[in-house]
Amino acid sequence: MDSRVEHAVGQLKSDGVRMTPQRYAILHFLMDACHHPTADDIFQALSPHYPSLSVATVYNNLKVFVESGLVRELTYGDDSSRFDADLSDHYHAICTKCGTMVDFEHPPVREVEQTAEVMTGFKVHGHRMEVYGICPTCQTLHA
């Protein structure tokens with residue numbers, strides 16, 4: 001078991017969460033995923049190996065992981081949340097043709113948070129930045 005999964009399992013157990021084989025599989029899938037899967041992506045990938053797995057089980061486990069602070073839910077207002085187990089400061093580039101989401105590193109833009117606090121009166125606790133464009137695969141397909 002890799003150290004990220006081991007740490008996450010330890011945190012869940014200390015929170016009183018029982019580790020079932022399905023919960024472990026969902027957690028492991030998320031920790032290994034680089035493509036910000038939806039609940040349906042996770043279900044499709046794991047259901048052949050876990051015949052009793054349901055979409056509801058995937059959603060319920062994702063909720064537990066988000067509440068435990070192990071996974072970030074990326075919502076887009078269209079009921080197709082994506083899930084990201086990389087909790088480091090990073091940003092996303094999203095393809096407007098196929099929906100592919102890719103992480104990229106950039107120094108955090110704290111000035112934006114500070115400006116938002118001054119201009120709005122909000123106590124800002126974070127931000128999410130995304131850039132949109134056409135990925136290399138779609139550029140090739142639509143050239």
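The values are calculated or read from the model by the stated rules, or taken from the named source; none is laboratory data. All figures in this text were calculated on a predicted structure; none of them were measured in a lab. No Cβ is skipped: glycine too gets one built from the backbone with ideal geometry, and neighbour counts run over all protein chains shown. In case anyone asks, the SASA skips ligands and DNA or RNA and just uses the protein heavy atoms, side chains included. Shrake-Rupley method; radii C 1.70, N 1.55, O 1.52, S 1.80 Å.
A DSSP coil position with no more than 13 other Cβ atoms inside 10 Å describes the following trypsin sites (Lys or Arg not before Pro) in the stretch 1-73: Arg18. So what is the accessible area of the chain per residue, in Å², with the probe set to 1.4 Å? Counting only protein heavy atoms, the per-residue value for the chain is 63 Å². Under the combined filter of DSSP loop state and at most 13 neighbouring Cβ atoms within 10 Å, the stretch 70-137 retains these chymotrypsin sites (Phe, Trp or Tyr not before Pro): Tyr76, Phe122. Over all orientations, the stretch 59-143 has a Cα convex hull whose mean projected area works out to 7.5 square nanometres. In this Cβ point-charge picture (+1 for Lys and Arg, -1 for Asp and Glu), the chain has a dipole of about 320 debye about its Cα centre.
Taking the DSSP beta bridges with both ends in the chain, the antiparallel portion is around 65 percent. Using a probe radius of 1.4 angstrom, the carbon and sulfur fraction of the accessible surface of the chain is 55%. Size descriptors for the chain: radius of gyration and Dmax over Cα atoms are 17.3, 53 Å. A Gaussian network model of the chain, with springs between Cα atoms under 10 Å, assigns the largest mean-square fluctuation among Thr115, Thr100, Thr38 to Thr115. In the chain, the calculated helix contribution to ellipticity at 222 nm averages -13000 deg cm²/dmol per residue, counting -39,500 (n - 2.57) for every DSSP H run with n ≥ 4.
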